[in-house]
Amino acid sequence: QVSFGIVYQANPHVIGLASRSLQTLRRRDFVAGAALIEGRWIAGEQRDVVVDPATGEEIADVARCTGADMHRAIAAAERCFASWRGLLPAKRGAIIRAWAKLMLEHADELAVLTTSEQGKPIAEARQEIAYGAGFLDWFAAEGERAYGETIPSHKSESLLQVRMQPIGVAAAITPWNFPVAMITRKAGAALAAGCPMIVKPAPETPLSALALARLAQDAGVPPGVFQVVVGDPVELSTPLVRDERVRALSFTGSTQVGRLLLKGAAESVKKVSLELGGHAPLLIFDDVDIAKAVNGAMAAKFATSGQDCLAANRIYVQRGIYGAFVESFAAAIAQLRVGHGLDPATNIGPMTKLAVAKKCRAQIDDAAAKGARVFSSGRGEDLGPNFVWPTLLTEVTERMLIANEETFGPVAAVLPFDSEEEVVARANASEMGLAGYVYTDNLRRALRLSEQIECGMLGINTASFTGPPIPFGGWKQSGLGREGSRHGLAEYMELKYICFGDL
Ligand code: NAD
């Protein structure tokens, strides 16, 4: 039996914490809330509010751009395509690198902005800024390596070449869980490839996106090459999806919206890359050191307060160590401090969206009703409606909602298993295939599983593996295409085969 202690005293002084912090920013233009279209800052006739998800307090307002604004942005992007692609890759790289440098110089301010609107612990926000800048830096160089091929010819007197050329205007529709890095992972690749990019950020987190636009402008990114248009998702996405001038569309978010966008893009036959939901299995075998496995499970489940598409949604533990693992895991979870992300002691912040908090609670109730044991020291609502207390569910079975739908919050589901064959079948019995994790000290088993688990990214004895050089993306309903790595650059390029005959 595990007992959870009270880990946090609700602090009434958090009200106003985010707005006070935003008032201390040196860069006041980070909170001006104007959209960037063709190098001009648009205040918009109407405004939308941005709230601190921890308190519900309004912290800023931003332009509500219209479909007509988006059409202007597309036209502007098209106008600057020729000059941007015409720059030498090294010159484009220097501008992108200057942008990354400015992000790092303003890392503290960007982190406050991100935490204030997204809710994540401030240390994680700082990590996100560094991670996000890393994509710009990496792609700045990779753009110089968009090598083609020379093919040994199947015809006499001819030379066969394949070139990589920028695809044209690119669009990004981005989520709220990584409001900085999900933009730079797309924009770094697009701009390095020679493509202008228009970003429609999530309405919950526009400030981070607009601050990135300020820094892009300061870094010398020419007008129209990087634009951020904020407002209603459907009104702004429709032109991006339908317009034939937009040649590539990159989306990160839910599978449901991803499907809609893919359908919509069929009419204009554009290149679509989708980074959608996940439901990662984490397999822990009984040959492994339990402390190591617990550390892995903590990282794989509770980073970004669980609002991570890589989050372990099903933690399968082999029967021989099941009891001991649950005890140590519960003890580690009980140490997590829940609170406002701007409090440096916080490990778990609010859910950015109330709907996600409600979904977590529904999954907990469903699991409890179907026989799972629930360990938690509170319901989170004591701190505010968007809070979910870190919760451990044991004896979870596949009949429960949590074993089938993405949680996106700090609720850990542990399922016992007996054999390797059984757990591989259970791990793969999911429509999702983004990430997976395996903990084992048996090398032969690790090699077998590296082949058998159906996912785009697999961590073996590690829960941390993302970064600019790796191809990030999923199988099955988790998406199409890859971000990061040379594969991420290729999403914004077309291949052209050229045959020089008559030589
Ligand atoms: P979402 O898919 O609704 O939002 C993602 C982006 O799509 C946002 O920019 C949003 O404004 C935009 N969008 C929403 N509806 C749209 C529409 N009809 N047309 C065009 N654009 C639209 O995601 P959500 O509802 O905020 O989150 C729900 C679930 O999505 C989460 O619980 C999680 O499972 C998943 N999700 C995954 C990731 C990821 O990193 N893969 C990120 C965020 C959310």
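Looking only at the stretch 382-401, residues that are touching a helix residue (DSSP H, G or I) at 6+ places or on another chain (Cβ under 8 Å), of a type outside the set (Val, Ile, Thr) and without any contact (Cβ under 8 Å) to a residue 60 or more places away in the chain come to 4 in all.
Scanning the stretch 184-203 for residues that are over 14 Å from the mean Cα position of the chain (by Cα), within 9 Å of the ligand (Cβ to nearest atom) and assigned to a loop (DSSP other than H, G, I, E, B) yields a count of 1. Of the numbered criteria (1) within 12 Å of the ligand (Cβ to nearest atom); (2) touching a residue at least 60 places away in the same chain (Cβ under 8 Å); (3) closer than 25 Å to GLY467 by Cβ, the one VAL230 fails is (3). When LEU240 is tested against the conditions (1) more than 18 Å from PHE139 (Cα to Cα); (2) away from the ligand (no atom under 12 Å from the Cβ); (3) not basic (Lys, Arg), the lone failure is (2).
Condition (residue is touching a Ser or Thr at 6+ places or on another chain (Cβ under 9 Å), of a type in the set (A, V, I, L, M), over 18 Å from GLU204 (Cβ atoms) and in contact (Cβ under 8 Å) with a residue 24 or more places away in the chain) applied to the stretch 62-71: is it met by at least one residue? So far as the stretch 62-71 goes, yes, one or more of its residues are touching a Ser or Thr at 6+ places or on another chain (Cβ under 9 Å), of a type in the set (A, V, I, L, M), over 18 Å from GLU204 (Cβ atoms) and in contact (Cβ under 8 Å) with a residue 24 or more places away in the chain.
Where residues in the stretch 343-378 are outside any helix (DSSP H, G or I), closer than 14 Å to PRO53 by Cα and touching an Asp or Glu at 6+ places or on another chain (Cβ under 9 Å), which of them is nearest to the ligand (Cβ to nearest atom)? Filtering the stretch 343-378 for residues that are outside any helix (DSSP H, G or I), closer than 14 Å to PRO53 by Cα and touching an Asp or Glu at 6+ places or on another chain (Cβ under 9 Å), the one nearest to the ligand (Cβ to nearest atom) comes out as LYS353. Taking LEU210, is it more than 22 Å from VAL49 (Cα to Cα), at pLDDT 95 or above and part of a helix (DSSP H, G or I)? It is false that LEU210 is more than 22 Å from VAL49 (Cα to Cα), at pLDDT 95 or above and part of a helix (DSSP H, G or I). If the condition is being of a type in the set (Val, Ile, Thr) and over 22 Å from the mean Cα position of the chain (by Cα), then the stretch 390-419 contributes THR391, THR394, VAL396, THR397, VAL414.
Just to be sure, is GLY306 modelled with pLDDT of 95 or more, of a type outside the set (Asp, Glu) and more than 16 Å from the ligand (Cβ to nearest atom)? Judged against the criteria, GLY306 is not a match. Per the listing ALA300, ALA312, ALA280, the residue uniquely within 22 Å of ILE122 (Cβ to Cβ), within 16 Å of the ligand (Cβ to nearest atom) and touching a residue at least 40 places away in the same chain (Cβ under 8 Å) is ALA300. Just to be sure, is ARG247 in a helix (DSSP H, G or I) and either away from the ligand (no atom under 13 Å from the Cβ) or surrounded by fewer than 24 Cβ atoms within 10 Å (Cβ to Cβ) (or both)? Spelling it out, it is not the case that ARG247 is in a helix (DSSP H, G or I) and either away from the ligand (no atom under 13 Å from the Cβ) or surrounded by fewer than 24 Cβ atoms within 10 Å (Cβ to Cβ) (or both).
Does the stretch 397-413 include one or more residues that are within 26 Å of ASN177 (Cβ to Cβ), surrounded by fewer than 22 Cβ atoms within 10 Å (Cβ to Cβ) and at pLDDT below 95? Looking for residues that are within 26 Å of ASN177 (Cβ to Cβ), surrounded by fewer than 22 Cβ atoms within 10 Å (Cβ to Cβ) and at pLDDT below 95, one finds none in the stretch 397-413, hence no. Scanning the stretch 379-397 for residues that are out of contact with any Asp or Glu (no Cβ under 7 Å at 6 or more places or on another chain) and within 28 Å of VAL50 (Cα to Cα) yields a count of 11. Taking each residue of the stretch 452-467 that is within 14 Å of SER485 (Cα to Cα) and looking for partners that are part of a loop (DSSP other than H, G, I, E, B) with beta-carbon atoms closer than 7 Å, six or more apart or interchain, yields GLY456/LEU434; GLY456/GLY473; GLY456/GLY474; GLY456/SER478; MET457/LEU434; MET457/PHE465.
Residues in the stretch 172-183 that are within 11 Å of the ligand (Cβ to nearest atom) and either closer than 18 Å to ALA34 by Cβ or not polar (S, T, N, Q) (or both): ALA172, ILE173, PRO175, TRP176, PHE178, PRO179, ALA181, MET182, ILE183.
Under the condition of being touching a strand residue (DSSP E or B) at 6+ places or on another chain (Cβ under 9 Å) and either free of Cβ contacts under 8 Å to residues at least 24 places away in the same chain or surrounded by fewer than 22 Cβ atoms within 10 Å (Cβ to Cβ) (or both), the residues counted in the stretch 85-129 number 1.
Of the set (1) in contact (Cβ under 8 Å) with a residue 24 or more places away in the chain; (2) in a helix (DSSP H, G or I); (3) within 10 Å of the ligand (Cβ to nearest atom), all apply to GLN256 but (1). Checked against (1) more than 16 Å from the ligand (Cβ to nearest atom); (2) at pLDDT 95 or above; (3) more than 16 Å from ALA35 (Cα to Cα), LYS155 passes all but condition (2). All of ALA412, ALA369 fail the test of being in contact (Cβ under 8 Å) with a residue 60 or more places away in the chain, within 25 Å of VAL317 (Cα to Cα) and small (Gly, Ala, Ser), apart from ALA412.
The values are calculated or read from the model by the stated rules, or taken from the named source; none is laboratory data. Everything numeric in this text was worked out from a predicted model, so none of it was measured. Cβ atoms come from the backbone with ideal geometry, glycine included; neighbour counts cover every protein chain shown.
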